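In what follows, a single structure is set out as structure tokens and then discussed.
The values are calculated or read from the model by the stated rules, or taken from the named source; none is laboratory data. Worth saying up front: this structure is predicted, and the values here are computed from it rather than measured. Cβ placement follows ideal geometry from the backbone for every residue including glycine, while neighbour counts extend to all protein chains displayed.
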Amino acid sequence: MNDRDRRSERGTATGIATRPKEKTKRPALYKVLLLNDDFTPMEFVVHVLERFFHKAREEATRIMLHVHQRGVGVCGVYTYEVAETKVNQVVDFARQNQHPLQCTMEKE
Ligand code: TYC
């Protein structure tokens, strides 16, 4: 315990507020990635990007074509739990529709 803590306990602190010692850290961010495959219809991928990533049709189409041509692409960047939820929603929705679409996350 330091002098300031002792003064504070006795109630004789001078009332100068100090910042808490612990720094508030920004949360780690994760990229949600879509992977290309030969079977999932392009229109389904565009729909996924609209529905789960709130992309407008033009942006959704641009991302889908990028993944189609390059093999992988970023749908969005989120904190861990949000990214994990998006990945699960996409994979579940793809399976429900019998498409092999793959979605993963990666630390930024
Ligand atoms: N390659 C698919 C096709 O030609 C389209 C596609 C795009 C699939 C992006 C998955 O993440 C994907 N029908």
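As a summary of the residue check, A60 satisfies the conditions (1) assigned to a helix (DSSP H, G or I); (2) more than 14 Å from the ligand (Cβ to nearest atom) except for the one numbered (2). When F52, F39 are screened for being within 9 Å of the ligand (Cβ to nearest atom) and modelled with pLDDT of 95 or more, only F39 passes. Inside region 69-86, residues that are out of contact with any helix residue (DSSP H, G or I) (no Cβ under 7 Å at 6 or more places or on another chain) and within 13 Å of the ligand (Cβ to nearest atom) make up a count of 5.
So, in region 71-108, of the ones that are in a helix (DSSP H, G or I) and without any contact (Cβ under 8 Å) to a residue 12 or more places away in the chain, which residue ends up nearest to D38 (Cα to Cα)? It comes out as R95. Count of region 87-108 residues, restricted to those that are within 16 Å of the ligand (Cβ to nearest atom) and within 21 Å of A28 (Cβ to Cβ), is 7.
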